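The values are calculated or read from the model by the stated rules, or taken from the named source; none is laboratory data. Values in this document were obtained by computation on a predicted structure and should not be read as measured data. Cβ atoms come from the backbone with ideal geometry, glycine included; neighbour counts cover every protein chain shown.
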Amino acid sequence: MLDKKEACTQSTTYLPIGTIHRAHGTEGHLLLHIAAHDVALDNLQTVFVQFGTTEVPYHVDEVMWQASHAILKLQGVDSRQAAYDLRGRAVSIPQAAVPQALPTTDISPLALIGYRVTDEREGDLGTITQLHALPMQTLLVTDYPVVELLIPYHRDLVKHIDHDQKQVTTELPIGFIDALR
């Protein structure tokens, strides 16, 4: 673990990449469930582990990528107990570390957590609270009143993304919302 004084302030925006699921082995390795399937994490050198409202940086000593998870070895996490103590914690990278030159239809949906969703016909659909990354598609989860609304992240449905206003505009099929009522 890097010095606690180096923990980043709240002014930095973080992109969640996954959650520590459990300890792996006896040497402090961690099993990280990956939520950011389409964010390039090949040269991962530092991750930020969430402790309350603080993101604490950890240097990555080793990473082994697998389909939907990674096995991480973080500096300063040297025992099974130390790894176990981190289970359930969110792991992030700074938003600035993600390429910003991507076309809006190709941006990682993880960057959209916290954005408001407005449909061209239905109006406000709530805030994106999380993602469900399925093998064939990613679903944006909003806090729509009464029910959790799952919107496929697809260029035919997501018409516009305004990063300055943190706003996503969709054009959902007729009857999509009515089926929920």
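Check region 34-43 and report whether any residue there is at pLDDT 75 or above and not in a loop (DSSP other than H, G, I, E, B). The answer is yes; a qualifying residue exists.
Consider region 1-33 and keep the residues that are at pLDDT 80 or above and small (Gly, Ala, Ser). The one that is nearest to the chain's Cα centre (by Cα) is GLY18. The lone criterion from (1) modelled with pLDDT of 70 or more; (2) surrounded by 13 or more Cβ atoms within 10 Å (Cβ to Cβ) left unmet by SER79 is number (2).
For GLU120, the criteria (1) at positive phi; (2) of a type in the set (D, E, K, R); (3) loosely packed, with under 13 Cβ neighbours inside 10 Å hold in every case but one, which is (1).
Look at region 44-71: where a residue is assigned to a strand (DSSP E or B) and a partner is of a type in the set (Asp, Glu) and modelled with pLDDT of 85 or more, sitting 6+ places away or on another chain with Cβ atoms under 6 Å, you get PHE48/GLU55.
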